[in-house]
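The values are calculated or read from the model by the stated rules, or taken from the named source; none is laboratory data. If you're wondering where the values come from, they're calculated on a predicted model, not measured in any experiment. As a convention, Cβ positions derive from the backbone with ideal geometry for all residues, glycine included, and neighbour counts pool all protein chains shown.
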Amino acid sequence: MRTEYCGQLRLSHVGQQVTLCGWVNRRRDLGSLIFIDMRDREGIVQVFFDPDRADALKLASELRNEFCIQVTGTVRARDEKNINRDMATGEIEVLASSLTIINRADVLPLDSNHVNTEEARLKYRYLDLRRPEMAQRLKTRAKITSLVRRFMDDHGFLDIETPMLTKATPEGAR
């Protein structure tokens, strides 16, 4: 299904055809041209829809933030004036040849492109985990947990999960 991750594309991929899967992070419609920032677990890459591919361009006009999509296209280097030094993938873009909408998304209560209140972030934790800062924290925590488990296992410790030893209270406190 996927040949590369969005955030791992670099100049070394120029000229290669790639298939990417991810979410629409942002869409910019310039009339006859549409650009999207496509996001996956590794980062963001810009995808460009050319008017010469009318079917993909028409479908791209329907895209909204957080749509889950698959794009096949060719990696190309950006012109010097269009390089985005703030992005790891800022030297390249993907010229889309085909687009598949895997799943459409309703408008979400949290906007990943704007600051949200702490109350909203707590209420919609499952969406907040998509933010790069939160995703990085999860990755770090997983690595630390893995290292601790590996260390304990290497030193002969057993990881035993025990059942609750006390009766649950109706209020939910333990």
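You will find that of ALA173, ALA135, the residue that is on the phi < 0 side of the Ramachandran plot, exposed (fewer than 10 other Cβ atoms within 10 Å of the Cβ), at pLDDT below 90 and out of contact with any strand residue (DSSP E or B) (no Cβ under 7 Å at 6 or more places or on another chain) is ALA173 and no other. Among residues of the stretch 103-128 being of a type in the set (A, V, I, L, M) and surrounded by 17 or more Cβ atoms within 10 Å (Cβ to Cβ), the one that is nearest to PHE35 (Cα to Cα) is LEU110.
The residue list ASP55, ASP37 contains one member that is of a type outside the set (Gly, Ala, Ser) and modelled with pLDDT under 95, which is ASP55.
For the stretch 138-170, filtered to residues that are of a type in the set (Gly, Ala, Ser) and modelled with pLDDT of 95 or more, the residue that is surrounded by the fewest Cβ atoms within 10 Å (Cβ to Cβ) is GLY156. Annotation note: Cβ proximity below 8 Å between a residue of the stretch 134-152 that is under 22 Å from ASN116 (Cβ atoms) and a residue that is surrounded by 12 or more Cβ atoms within 10 Å (Cβ to Cβ) and of a type outside the set (D, E, K, R) (sequence gap 6+ or interchain) occurs for ALA135/LEU129; LEU138/LEU129.
Counting residues in the stretch 13-21 that are in a loop (DSSP other than H, G, I, E, B), at pLDDT below 95 and hydrophobic (A, V, I, L, M, F, W, C) gives zero.
For LYS81, the criteria (1) closer than 19 Å to ILE36 by Cα; (2) not in a helix (DSSP H, G or I) hold in every case but one, which is (2). Residues that are closer than 24 Å to LEU9 by Cβ and basic (Lys, Arg): does the stretch 85-95 have at least one? Looking for residues that are closer than 24 Å to LEU9 by Cβ and basic (Lys, Arg), one finds at least one in the stretch 85-95, hence yes. Set side by side, the residues GLU66, GLU4, GLU42 differ, and just one is under 25 Å from ARG130 (Cα atoms), of a type in the set (Asp, Glu), surrounded by 14 or more Cβ atoms within 10 Å (Cβ to Cβ) and modelled with pLDDT of 95 or more, which is GLU4. Looking at the structure I just gave you, is ALA120 farther than 30 Å from LEU57 by Cβ, out of contact with any strand residue (DSSP E or B) (no Cβ under 6 Å at 6 or more places or on another chain) and touching a residue at least 60 places away in the same chain (Cβ under 8 Å)? It is false that ALA120 is farther than 30 Å from LEU57 by Cβ, out of contact with any strand residue (DSSP E or B) (no Cβ under 6 Å at 6 or more places or on another chain) and touching a residue at least 60 places away in the same chain (Cβ under 8 Å). When THR100 is tested against (1) closer than 21 Å to ILE36 by Cα; (2) not in a strand (DSSP E or B), exactly one condition is not met: (2). Quick check, is ALA105 aliphatic (A, V, I, L, M) and within 20 Å of LEU9 (Cβ to Cβ)? In short, no.
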